[in-house]
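One structure is given below, encoded as structure tokens.
The values are calculated or read from the model by the stated rules, or taken from the named source; none is laboratory data. All of these numbers come straight from a predicted model, not from anything done at the bench. Ideal geometry is used to build each Cβ from the backbone, glycine not excepted, and the neighbour counts take in all protein chains shown.
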Amino acid sequence: MHHGVALCALTDLSQFARMRLQELMSCAPGWQTLDPSHEYGRFDLSSRQDNSFDAVVCCPSVDESDMPWVVRECRRVLRSGGVFGMAICGPTMFQPLLSLYWTRLREYGFEHPHGSSLLATFAPEECRELLCGAGFAEADVRSEQHGYFLRHTVDWWDCLNRNFGAADVLNQLTPGDRDSFKSEHLGDIERLASQEGVWLDLAIVFAIARK
């Protein structure tokens, strides 16, 4: 039996979320850490035995339809009495910036299959239902806001290109269209700016449950 923490961290915020989860879970510093995303480049616990870990820390970045399977897999490898911690995006994560991104991108012929978001988001009550459906009896679920003000609109552009697979979409534009889109989209973002800058919403839902 493994006595450690399985880390399934796939988001750009995973390092912070992982540290916050371990803080909430009071994870022992001596636990061996396993991160399937680093090993396989995707979420995959198929090689891990049932009831193997004392704790599982999960920060998944997957389609919403895959989340029930992800949580079931995490519960499967968790031993009886073990602790499961999950951090997922809250409903307002990166909004309204992401909505403006897709609204403008539609003018260039792109339509995202999931609407105006590039990532799965869950409200606290939806997170509780997700855990209950996977077999967890009780869960401590909380929503925390870790947003901050961007000083420059180009900081949002950098954020887009580092996250969500947005760079793959933008690279499908011709160089001229990409430059035009960047100028128009950052103009949309600039109109949101206050004296403090542009608010980057980082709503994260944290859930702690015991098997």
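Suppose we keep only residues that are small (Gly, Ala, Ser) and farther than 24 Å from residue 98 by Cβ within the stretch 127-157. Which one would you say is farthest from the chain's Cα centre (by Cα)? Here the residue is 137. Entry remark, the stretch 130-161: residues being over 26 Å from residue 56 (Cα atoms) and of a type outside the set (Phe, Trp, Tyr) number 10 in total.
Output the residues belonging to the stretch 164-198 that are aromatic (Phe, Trp, Tyr) and within 24 Å of the chain's Cα centre (by Cα). Full working, then the answer.
If we filter the stretch 164-198 for residues that are aromatic (Phe, Trp, Tyr), which is where we start, we get 164, 181.
Selection gives 164 alone.
When residues of the stretch 100-120 are filtered for being within 19 Å of the chain's Cα centre (by Cα) and modelled with pLDDT of 90 or more, how many remain? Summing the residues that are within 19 Å of the chain's Cα centre (by Cα) and modelled with pLDDT of 90 or more in the stretch 100-120 gives 1. Residues of the stretch 78-114 that are surrounded by 23 or more Cβ atoms within 10 Å (Cβ to Cβ) and touching a Lys or Arg at 6+ places or on another chain (Cβ under 6 Å): 78 alone. When the stretch 52-73 is limited to residues that are touching a helix residue (DSSP H, G or I) at 6+ places or on another chain (Cβ under 8 Å) and modelled with pLDDT of 90 or more, the one that is farthest from residue 177 (Cα to Cα) turns out to be 72.
Taking the conditions (1) part of a strand (DSSP E or B); (2) in contact with an Asp or Glu (Cβ under 9 Å, 6 or more places away or on another chain); (3) farther than 22 Å from residue 84 by Cα; (4) among the hydrophobic types (A, V, I, L, M, F, W, C) in turn, residue 141 satisfies each one other than (3).
Which one is surrounded by the fewest Cβ atoms within 10 Å (Cβ to Cβ) among residues in the stretch 191-209 that are out of contact with any Leu (no Cβ under 9 Å at 6 or more places or on another chain) and assigned to a strand (DSSP E or B)? So the residue we want is 194.
Which of the residues belonging to the stretch 158-184 are part of a helix (DSSP H, G or I) and closer than 14 Å to residue 95 by Cα?
Initially, the stretch 158-184 is screened for residues part of a helix (DSSP H, G or I), giving 158-162, 166-170, 175-184.
Selection gives 159, 160.
Just to verify a result, which residue in the stretch 21-37, among those that are surrounded by 12 or more Cβ atoms within 10 Å (Cβ to Cβ) and not hydrophobic (A, V, I, L, M, F, W, C), is modelled with the highest pLDDT? Lay out the reasoning, then the answer.
Initially, the stretch 21-37 is screened for residues surrounded by 12 or more Cβ atoms within 10 Å (Cβ to Cβ), giving 21-22, 24-25, 27-28, 31, 33-37.
Still in the list and also not hydrophobic (A, V, I, L, M, F, W, C): 22, 33, 35-37.
Details: 22: 77, 33: 50, 35: 56, 36: 53, 37: 53.
Ranking the candidates gives 22 first.
For first residues located in the stretch 113-135 and of a type in the set (Lys, Arg), partners that are modelled with pLDDT under 95 and lie 6+ apart or on another chain with Cβ distances below 6 Å form the pairs 128/139.
For the stretch 177-211, the candidate set comprises residues that are in contact (Cβ under 8 Å) with a residue 24 or more places away in the chain and basic (Lys, Arg); within that set, the residue that is farthest from residue 156 (Cα to Cα) is 211.
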